[in-house]
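The next block holds one structure in the form of structure tokens; read it before the comments.
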Amino acid sequence: MSSFLRPAVSDIGRIPSQYRPVSSHLAIAPQVSVVIPAMNEAENLPYVFKTLPDWIHEVVLVDGNSTDDTVEVARELWPDVKVVKQQGKGKGDALISGFAACTGEIIVMVDADGSADGEEIVSYVSALVSGADFAKGSRFANGGGTDDMTPIRKLGNRVLCAVVNAKFGARYTDLCYGYNAFWRHCLDEITLDCTGFEVETLMNIRVVKAGLKVQEIPSHEYVRIHGVSNLSAVRDGLRVLKVILKERGVRRTGRRTPHRVLGGLNAKRGEVS
């Protein structure tokens, strides 16, 4: 099934103004917000912003009290960037603050270290406008990859992913990855209440429990360009495990339909199989 929404006319320059040309084969009406949590990432932001498509509605940069020129660089690169000053600490807290500031119907999460390719956003958006509620990036789906994970992190991710699949009936191929996109209304069903790197795992579990439709998107993770990651394999792995165990004992209400992972999406062509 094609995920393309073809315009009524062949000339993309004549597409009605309420639609945004995404590619020569896809035009969308929903506004897309990109949330970038950043702390001292001034050197990496040029690489991040360079890959962002110009058709997105807004960029929301959540500044974690940077001591370098992160905010100034962001404003130079994207003059209309919306800067949110983080009041708390941690990636989860930053994302929650960023989500609250978004005005788009679709929200995309992108890391500020240069490890994510903004050109993949079209694949995420294609999945959402094709019927998915949550488009989940995967480095281990067919077509994905990673240059950044150590063997111990790969093993930990595989084990934790297997636990989530077994405990919650999911069919994920990747668990601890921060490149995701979703319709804004999903936030009403997956209330977020954690502050650290475990936020991605919490989101993945709660979309399952809410019965939302998930589409895994093959994604390639590149090595951080500058600086050192704040991620700790052992510390953050334990926090992820704690979230899994806690969520297993929490019964959520308002479940709509049984969770299912839609067929794989070809990242190059944006087609759903």
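The values are calculated or read from the model by the stated rules, or taken from the named source; none is laboratory data. Just so we're clear, the structure is a prediction, and the values are computed from it rather than from any experiment. Here the Cβ positions follow ideal geometry from the backbone for every residue, glycine too, while neighbour counts run over all protein chains shown. Heavy atoms of the whole protein, side chains included, go into the accessibility calculation; ligands, DNA and RNA do not. Shrake-Rupley method; radii C 1.70, N 1.55, O 1.52, S 1.80 Å.
Near the amide H of E221, under 5 Å away, which other amide H atoms are found, from residues 5 or more places off or on another chain, if H is placed in the peptide plane? So E221 has HN proximity to G145, T146, D147.
Taking 28 Å as the straight-line reach from the Cα of K246, the lysines in range (excluding those fewer than 8 positions away in the same chain) are K89, K91, K136, K154, K167, K209, K213. Accessible area of M39 (1.4 Å probe, protein heavy atoms only, ligands and nucleic acids ignored): about 90 Å².
When nucleic acids and ligands are ignored and a 1.4 Å probe is applied, S23 ends up with an accessible area of around 40 Å². R75: net charge of surrounding residues, Cβ under 13 Å, Lys/Arg +1, Asp/Glu -1, itself excluded? Taking every other residue near R75 into account, the sum is -4. The residue list S130, S115, T150 was ranked by how far each Cα lies along the charge dipole of segment 86-157 toward its positive end, using unit charges on Cβ atoms, and T150 comes out on top.
Taking 4 °C and 1.567 mPa s as conditions, segment 70-145 diffuses translationally at an estimated 89 µm²/s according to Stokes-Einstein applied to its Kirkwood radius (Cα pairs). If both residues of a DSSP beta bridge must be in segment 63-206, then about 90% of such bridges are antiparallel. Put simply, the amide H of K213, placed in the peptide plane, has neighbours under 5 Å in D133, F134, leaving out anything fewer than 5 places away on its chain.
Modelled label positions at S24 and H57, each set 7 Å beyond Cα in the direction of Cβ, lie 2.8 nm from each other.
Label positions at L192 and K246, each projected 7 Å from the Cα along the C-beta direction, are separated by 1.5 nm. Rolling a 1.4 angstrom probe over the protein heavy atoms with all chains in place gives segment 110-166 an accessible area of 37 Å² per residue. Near I106: Cβ cut-off under 12 Å, other residues only, Lys/Arg at +1 and Asp/Glu at -1. The net charge is -1. The apolar share of the surface of segment 71-191, taken as the fraction of accessible area on carbon and sulfur atoms (1.4 Å probe, ligands and nucleic acids excluded), comes to 52 percent. When nucleic acids and ligands are ignored and a 1.4 Å probe is applied, K154 ends up with an accessible area of around 80 Å².
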